[in-house]
Each structure stands twice: as structure tokens, then as C-alpha cells.
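Colleague: Structure in C-alpha cells, see below.
Every number here is computed from the coordinates shown, using simple stated rules; none is lab data. These numbers come from a predicted model, not from an experiment. Backbone-built Cβ (ideal geometry, glycine too); neighbour counts: all protein chains shown.
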Amino acid sequence: MPENTPLAYFLHSAGPAARPVLVLGWSLAALCVGVCVIVGILLMTAVFHRRGATGHRMTERGGGRAVLAGTVISTMLLLAALIYMLWVLAVVASPSREPALTITVTAYDWWWKADYGEGSPQRFSTANEIHIPVGEPVLVELKSADVIHAFWVPSLAGKTQTIPGQVNRQWIEADKPGVYRGQCTQYCGAQHAHMAFEVVAQNPQDYANWYDAQARPATLPATVDATRGQHVFVERCAGCHAVRGSNAAGVQAPDLTHLLARRLIAAGTLTNTPQNMMEWIAHAQEIKPQSLMPDIKLSPNDSRDLAAYLATLN
Ligand code: HEC
Ligand SMILES: [Cu+2]
């Protein structure tokens, strides 16, 4: 099964922070199934044994011994499971070496902002698509802009809540290049289910190229349509959205500087095609009801110009 299908993505582990948790999960499932089967067999034995017997009751002593054996075995199994769980918690608590890279991820109703290079001139912000280099532990600092959300990339690590006013930390590491789906796992309102993201693990060179491209400001619009579209954008969109290198500097919505570089838009809701983009702008409230982006009515001309401008945000 391909790793990225919805059915498979939580059944695979792709990094050292996730693997011990996956093995733990399967082990506990196997233990529970085993206990159920054994109890079932004992129960059946008891039921049929009674039927065959001619009115004898189990002796007091035999009953006591069975209770004792059951108690001792259950206690030992539960204790072993507890020790194993605590051991796994300790193993995944911190990476084998200090993470060289820190990404700040802020959860919003209902999307994710990822900030890179904080405190450096190379800093930039992107949304719903988090790139990391393979084979490197990456520290993720988790914040929330509004309510409690939870950051979860099942193939890479366990879940961690994002709590307003607090910074939570989590580390992720991918063994090989790939796209690993993530999802908010703390109910946070109407569009909680449409609050997905992707972690894209790349070879160090590809990652460096991506980083350099993201750190650049947007290219200036070169055609008449695109230039007019930029005016439309500044007037209608810049209150919420930013495009670095332009006058648009809104902070409460995804940074759109390199919008075209993303595979999906609206937190995993739509694939990023020019058609879906215009559909989203006109009907955000139909596609993602109650999302914090309103439906935006544009004249056909403005719409065409805006599309030409958005097509330059590569
Ligand atoms: C009132 C604030 C607001 C205005 C005005 C606004 N947006 Fe948005 N926009 C948002 C929010 C919030 C989101 C994130 C929605 C979500 O995914 O839940 C968003 C998402 C988007 C996305 C998807 C980005 C991504 O990477 O997922 C695009 C594209 C977009 N807006 C384009 C526009 C354009 C173009 C305009 C102007 C015509 C505009 N928006 C006006 C708030 C706004
Ligand atoms: Cu959420």
C-alpha cells in the first residue's frame, strides 16, 4: 500500500520518533487480543463443563486457586505493559543528537503556519507544508494563535498539543524522502477535520534549494494584468495575507509569497490548481464553512487580473 493513502499513513512509521510507538501499539493490541481469546476459551470450557457435570459444584479450594492464578497473571501482564510503555516514552522523549534545525509551527483556526529561520535574515513563513531534511532530528516549537489544537504526523512522531500562551516542543525525523501527512487531532471547531498539513522530507540538497527559494521575496509582476492583479490583491486580500516584497503584510492568514510551491491549499482541503484557487477565493465559505476567509466577490476583470498575479507567486 502506498505510504500516503489515508488508510496506511498511521500504520507505517518513517522515523525514529514514531517506530517504538508503532511497535508498542501493535504489541498492546496483540496482548489484548490474546487475553480476550484466552478468557473466551476458559469461559467456554466452564460453560460446557457445567453442562456435562451432574450437579457438582466446584470445590471451594479449586475456585480460590483459579482466582489467585488469574490475579497474579493479570497483574504481571499489566505491570510488564506499564514498564514497556514507560520505556518507550523515555526512548522517544529526545532525539539521539541535538536538532540543528528548529521550525516554529503555529496552529490557527483552521490552518498551520510554519516559521523558518527565526532571528536570521533568511527567515520566512509558509503554511500547511513543512519541509525537513531527511536523517536529521528537527525540533518543532508548537504554538497556538487561538484555541487548543494538536500537531500529529503519525508516521513521524506522536501527537503534541498546541496551547495558547505556551510553547510545546516535539521532535520529528524522517529516514527517507517522502510526503507524510499530518492532522490536527484536538477538536477545535467547525473545520477541525479540514486542518491537515504535509511534512515533506527531502535530501539535504533538495531541502537547501527549497529553503533558498522560500527565503527569496516574491518576483515582481511583469505583465499589465499581473500588475493590476497585484493592486486587487493589496486592496482585497492584504488585510489578512502577506506577500513578501509587496505592500501586502497581513498577519492573520497564510503567507502567500510562494503560494504556487505548495501542493495543497486551505490546509489540505484542495489541490493547488489555478482553477481550485479561484474557486476557493469566490467560495471559501462553501468549501470550508465558517473558515476565517470570507467569500470574495470580484468583477470578472478583477478576477482575471488577480489570477494572473497569483500565477506569479512561484
Ligand atoms: C478576512 C481575512 C481574509 C481575507 C480578506 C482574505 N483571506 Fe485568504 N485566507 C484567510 C484565511 C484565514 C485562510 C486560511 C483558511 C483555512 O485554511 O482555514 C485563507 C486562505 C487562503 C488561501 C489558501 C492558502 C494556503 O496555502 O492554504 C488562498 C490562496 C487565499 N486565502 C487567497 C486569498 C485572496 C486571493 C484574497 C483576496 C481576494 C484573500 N485570500 C482574502 C483569510 C483571508
Ligand atoms: Cu485544530
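Colleague: Using a 10 Å cut-off around each Cβ, can you sort Y180, Y108, Y207 from fewest to most neighbouring Cβ atoms?
Modeller: Ordered from fewest to most neighbouring Cβ atoms within 10 Å, Y180, Y108, Y207 come out as Y207, Y108, Y180.
Colleague: Would you calculate the separation in nanometres between label points at L101 and L292, each defined as 7 Å from the Cα along the Cα-to-beta-carbon direction?
Modeller: 2.7
Colleague: May I pose another question? Is the range 109-233 best put as rounded, prolate or oblate by its Cα gyration tensor, with a ≥ b ≥ c the root eigenvalues, rounded for a/c under 1.5, and otherwise prolate when a/b is larger than b/c, oblate when not? Don't jump to the answer; show the numbers that get you there.
Modeller: Values: a/c = 1.95, a/b = 1.30, b/c = 1.51.
The shape class here is oblate.
Colleague: Separation between the T271 and R169 pseudo-spin-labels, each 7 Å from Cα along Cα→Cβ, expressed in nm?
Modeller: Output for this residue pair reads 4.0 nm.
Colleague: While we're looking at this one, here's another question. I'd like the orientation of helix 60-93 relative to the chain: the angle between its Cα long axis and the longest Cα principal axis, in ° from 0 to 90, rounded to 10.
Modeller: 20
Colleague: Follow-up question, since we're still on this one. Taking θ as phi - 60°, what are the ³J(HN,Hα) couplings along the range 248-253 by the Karplus curve (6.51, -1.76, 1.60), each to the nearest whole Hz, with x for Gly and Pro?
Modeller: 7, 9, x, 10, 9, 9
Colleague: Moving on to the next point. Looking only at the range 271-314, which residues have a backbone nitrogen under 19 Å from a spot 7 Å from the Cα of A193 in the C-beta direction?
Modeller: Only 271, 284-292 fall inside the zone, counting backbone N under 19 Å.
Colleague: In terms of Cα to Cα distance under 19 Å, which lysines are near enough to K288, apart from those fewer than 8 places away along the same chain?
Modeller: Counting by Cα, and skipping residues close in sequence, K288 has these lysines nearby: K113, K297.
Colleague: Rounded, prolate or oblate, given the Cα gyration tensor of the range 224-310, with a/c below 1.5 counting as rounded?
Modeller: In terms of gyration-tensor shape, rounded.
Colleague: With angles folded into 0 to 90 degrees, how steeply does helix 204-215 sit against the dominant principal axis of the chain? Use alpha carbons for both and round to 10.
Modeller: The helix 204-215 is inclined about 50 degrees to the chain.
Colleague: How much net charge surrounds T102 when only the other residues with a Cβ under 13 Å from the Cβ of T102 are counted, with Lys and Arg +1 and Asp and Glu -1?
Modeller: -2
Colleague: Subtract the Cα-Cα distance of V179 and S299 from 0.36 nm times their separation in residues, and report this length gain in nm to one decimal. Working shown, then result.
Modeller: Working: separation 120, 0.36 × 120 = 43.20 nm, distance 3.77 nm.
Gain on extension, V179 to S299, equals 39.4 nm.
Colleague: Can you give the FRET efficiency to the nearest 0.05 for S74 and S94, using r as the Cβ-Cβ distance and R₀ = 45 Å?
Modeller: 0.85
Colleague: Highest mean first, what order results for 67-79, 240-252, 131-143, 19-31 on Cβ atoms within 10 Å? Provide the component values of the computation, followed by the final result.
Modeller: Details: 67-79: 10.7, 240-252: 16.8, 131-143: 19.7, 19-31: 14.5.
With the highest mean Cβ count within 10 Å placed first, the list reads 131-143, 240-252, 19-31, 67-79.
Colleague: Measure out, as a whole number of angstrom, how far apart the alpha-carbon centroids of the range 117-135 and the range 151-195 sit.
Modeller: The range 117-135 and the range 151-195 have Cα centres spaced 16 Å from each other.
Colleague: Collect residues whose amide H, placed 1.01 Å from N in the peptide plane, falls under 5 Å from the amide H of A248; neighbours closer than 5 in sequence don't count.
Modeller: V243
Colleague: Give me the extension gain from F48 to R236: residue separation times 0.36 nm, minus the current Cα-Cα distance, reported in nm with one decimal.
Modeller: Working: separation 188, 0.36 × 188 = 67.68 nm, distance 7.66 nm.
Contour length minus Cα-Cα distance gives 60.0 nm.
Colleague: Let me ask another. Per residue of the range 187-198, in order, report the coupling 6.51 cos²θ - 1.76 cosθ + 1.60 (Karplus, θ = phi - 60°) as ³J(HN,Hα) in whole Hz, putting x for Gly and Pro.
Modeller: 4, 10, x, 3, 9, 3, 5, 9, 10, 9, 7, 10
Colleague: Under the rule of at least 5 residues apart or a separate chain, name every residue whose amide H is placed under 5 Å from the amide H of A127.
Modeller: Amide H neighbours of A127, under 5 Å, 5+ apart: A114.
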